[in-house]
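Contents: one structure, followed by commentary.
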Amino acid sequence: MDTESLPWWQTLTSREIAARAGRGAVAILPLSAIEQHGPHLPLETDHRIGLGLLGAAHARLGEEPARLILPPMCVATSNEHTGFPGTLTLRPETALDTLRDLGHSVASSGFRRLLLVNSHGGNTAICDLAALELRQQQGLLVAKHHYFLQPLPDDLGIPAREQRHGLHGGQIETAMMLALAPDRVHLDAAANTASLGETLADTLEHLEPEGRVAFAWMARDLNPAGVVGNAGAATEKLGRALVAHYAESLAAAIRDTAGFDLGQLAP
Ligand SMILES: [Zn+2]
């Protein structure tokens with residue numbers, strides 16, 4: 001998908017931005033990461049996936065609802081991936097300050113609706129903190145869409161083990177990259193990599209890397225390779241189905257953020 005044709009905030013004039021704000025447009029902030037993704041995927045994986053899903057969601061929507069996409073924040077909180085060359089990260093305080101400042105800029109341009117489109121697991125905490133603060137201090141509606149938290153239909157055939165443990169660089173991310181940026185995937189280096197989470201599931205009741213009782217982890221805790229999951233099982237066909245599925249969910253999030261009656265929020 002050619003991302004040039006997306007409705008980028010920065011391509012408009014100040015006057016045009018004011019007019020969109022007056023129409024109640026949704027400001028969309030893509031958030032991702034530049035971080036190690038093992039030997040088979042590039043550092044930009046989360047960024048490419050985020051823009052790919054936005055492009056596919058945009059294609060599903062017509063002219064309405066009015067929306068603008070802010071310049072992507074593609075370096076955020078990747079502290080769990082430090083120790084591997086190539087990972088870029090902001091300290092959580094810096095990332096939160098950046099989100100806060102961008103939110104203030106959006107609000108002072110006259111917008112009341114902001115949608116955070118996040119494609120990196122490590123950013124969920126700053127999204128929650130920034131969203132509430134912008135609601136409290138700016139009266140903004142801040143909605144959050146994290147593709148990786150959306151449920152997957154059974155007919156995609158992704159094993160439960162992979163969905164639970166293939167958290168980073170596994171079948172799902174690799175498949176979407178095969179669909180979105182095949183030239184950047186080194187499929188010959190894609191492996192089936194076990195996660196500490198699977199070992200824990202044999203001995204502990206509920207404690208796991210992600211779930212109802214979770215612990216903070218470094219990528220190298222899950223596997224010294226820095227990735228987990230069955231990347232070798234990824235196919236372009238699965239990637240296209242995943243992009244379509246998540247894009248549908250993202251298009252709904254954009255429509256809902258636009259359709260939300262702001263009068264329902266307390267003054
Ligand atoms: Zn990723």
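The values are calculated or read from the model by the stated rules, or taken from the named source; none is laboratory data. All values reported here derive from a predicted model rather than from experimental measurement. Every residue, glycine among them, receives a Cβ derived from its backbone with ideal geometry; neighbour counts consider all protein chains shown. Just the protein is used for accessible areas: all its heavy atoms, side chains included, with ligands, DNA and RNA removed. Shrake-Rupley method; radii C 1.70, N 1.55, O 1.52, S 1.80 Å.
When you check Gln36 against the structure, is it surrounded by fewer than 21 Cβ atoms within 10 Å (Cβ to Cβ) and modelled with pLDDT of 95 or more, yes or no?
Working: surrounded by fewer than 21 Cβ atoms within 10 Å (Cβ to Cβ): no; modelled with pLDDT of 95 or more: yes.
The answer is no for Gln36.
Which residue out of Gly263, Gly166, Gly232 is at pLDDT 95 or above, more than 14 Å from the ligand (Cβ to nearest atom) and surrounded by 15 or more Cβ atoms within 10 Å (Cβ to Cβ)? First the steps, then the outcome.
Numbers: Gly263 fails: surrounded by 15 or more Cβ atoms within 10 Å (Cβ to Cβ); Gly166 fails: more than 14 Å from the ligand (Cβ to nearest atom).
Answer to the check: Gly232.
If you scan the range 170-194, which residues turn out to be under 17 Å from the mean Cα position of the chain (by Cα) and closer than 20 Å to Leu54 by Cα? Explain how you work it out, then say what you get.
Filtering the range 170-194 for residues under 17 Å from the mean Cα position of the chain (by Cα) gives 170-177, 179-181.
Selection gives Ile172, Glu173, Thr174, Ala175, Met176, Met177, Ala179, Leu180, Ala181.
Residues in the range 136-163 that are open to solvent by 70 Å² or more (accessible area, probe 1.4 Å), of a type in the set (D, E, K, R) and either in a helix (DSSP H, G or I) or farther than 22 Å from Asp256 by Cα (or both): how many?
Result for the range 136-163: 3.
Scan the range 1-39 for residues that are of a type in the set (Val, Ile, Thr) and touching a Pro at 6+ places or on another chain (Cβ under 7 Å) and jot them down. Full working, then the answer.
Just the residues of the range 1-39 that are of a type in the set (Val, Ile, Thr), to begin with: 3, 11, 13, 17, 26, 28, 34.
Result: Val26, single match.
At pLDDT 95 or above and open to solvent by less than 10 Å² (accessible area, probe 1.4 Å), is that true of Ala57? Step through it out loud before you land on a result.
Numbers: at pLDDT 95 or above: yes; open to solvent by less than 10 Å² (accessible area, probe 1.4 Å): yes.
Yes: the conditions hold for Ala57.
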